[in-house]
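Visitor: Take a look at this one; I'll ask things after.
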Amino acid sequence: MLRAGVIAVQGDVSEHAAAVERAARLHGEEAEVVEIRQSGLVPDCDVLLLPGGESTTISRLLRSEGIAAEIKAHVAAGKPVLATCAGLIVASTDAKDDRVETLDLVDVTVDRNAFGRQKDSFEAPLDVDGLDEPFPAVFIRAPLIDDAGDVEVLARWDDDPVAVRDGPVVGTSFHPELTDDVRLHRLAFFEGVEGNSKLSAEESPVDAE
Ligand code: GLN
């Protein structure tokens, strides 16, 4: 049983819950999803999901509820996290916005809503390291990673990184939970832990179930 904590103070929680359940099934495991709105739950989780939403709100609530320190301890223990869109902003080292107190888990500087200013929302097929077919990436008012430090860049869009790995944390500018494709959840929680076999699109639940 994989205990998956979805940070649920604000944002798209149910989509991540469904995605991690499907990802776990593809690896022969059941996921128990725990929605996290208060402290005390993170320490029992094997993996964490930091969803998209509004990063200023998420950041404020993580601090006031005492969850921020627990997420940092989870990562310090080497346990996986998938941080998407606003989740990546919160997990970054610098969001260039005083209202976002970053968790300093992913060594990138982000520009909030940079994509949004150009184009509010779009979907694009994206080549991602470790996936042998393009991933249908949904960008919604997405952050731009304008400075990547000591991270592994997994995917780029227009030359800018949009998916990165920093140790046990995978961060994406886009929203993998808003498609039927759970390969990024698998990459973050299973392949990243157990090895590096390429995840084939054919093994996505759309085809496998
Ligand atoms: N632009 C939003 C923010 O700064 C994030 C958007 C999203 O998560 N879809 O929080």
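Visitor: Report whether or not L144 is more than 13 Å from L88 (Cβ to Cβ) and within 13 Å of the ligand (Cβ to nearest atom). Even if it seems obvious, please write down each step before you answer.
Guide: Numbers: more than 13 Å from L88 (Cβ to Cβ): no; within 13 Å of the ligand (Cβ to nearest atom): yes.
For L144, the condition - more than 13 Å from L88 (Cβ to Cβ) and within 13 Å of the ligand (Cβ to nearest atom) - is not met.
Visitor: Additional query: Among the listed residues R37, R22, identify the single one that is closer than 13 Å to F189 by Cβ, of a type in the set (D, E, K, R), more than 11 Å from the ligand (Cβ to nearest atom) and within 18 Å of the chain's Cα centre (by Cα). I'd like the intermediate steps shown before the answer.
Guide: Values: R37 fails: closer than 13 Å to F189 by Cβ.
The match here is R22.
Visitor: Moving on. Within the bounds of the stretch 81-100, is there any residue that is touching a Phe, Trp or Tyr at 6+ places or on another chain (Cβ under 9 Å) and outside any strand (DSSP E or B)?
Guide: yes
Visitor: Give me a count of the residues in the stretch 84-115 that are surrounded by fewer than 16 Cβ atoms within 10 Å (Cβ to Cβ) and within 9 Å of the ligand (Cβ to nearest atom).
Guide: Residues flagged as surrounded by fewer than 16 Cβ atoms within 10 Å (Cβ to Cβ) and within 9 Å of the ligand (Cβ to nearest atom) within the stretch 84-115 amount to 0.
Visitor: Related question: Identify all residues within the stretch 26-49 that are more than 11 Å from A8 (Cα to Cα), assigned to a loop (DSSP other than H, G, I, E, B) and modelled with pLDDT of 95 or more; write none if there are none.
Guide: Answer for the stretch 26-49, where residues must be more than 11 Å from A8 (Cα to Cα), assigned to a loop (DSSP other than H, G, I, E, B) and modelled with pLDDT of 95 or more: E30, S39, G40, L41, C45, D46.
Visitor: Examine the stretch 87-108 for a residue that is over 20 Å from V9 (Cβ atoms) and of a type in the set (A, V, I, L, M), and state whether such a residue exists.
Guide: Pass one, the stretch 87-108, residues over 20 Å from V9 (Cβ atoms): 93-94, 96, 107-108.
Cutting the leftovers down to of a type in the set (A, V, I, L, M) gives us 108.
Yes, the conditions are met somewhere in the stretch 87-108.
Visitor: Something else now. What is the one condition in (1) within 16 Å of the ligand (Cβ to nearest atom); (2) assigned to a loop (DSSP other than H, G, I, E, B); (3) touching a Pro at 6+ places or on another chain (Cβ under 7 Å) that G52 does not satisfy?
Guide: Here G52 clears every test but (3).
Visitor: Among (1) surrounded by fewer than 19 Cβ atoms within 10 Å (Cβ to Cβ); (2) modelled with pLDDT of 95 or more, which single condition is D180 missing?
Guide: Result: D180 passes all but (2).
Visitor: Name the one entry in H175, H185 that is touching a Cys at 6+ places or on another chain (Cβ under 6 Å), modelled with pLDDT of 95 or more and not acidic (D, E). Can you show your working first?
Guide: Numbers: H185 fails: touching a Cys at 6+ places or on another chain (Cβ under 6 Å).
Result of the check over H175, H185: H175.
The values are calculated or read from the model by the stated rules, or taken from the named source; none is laboratory data. Everything quoted here is computed from the prediction, not taken from an experiment. Positions of Cβ are backbone-derived with ideal geometry, glycine not excepted, and every protein chain shown enters the neighbour counts.
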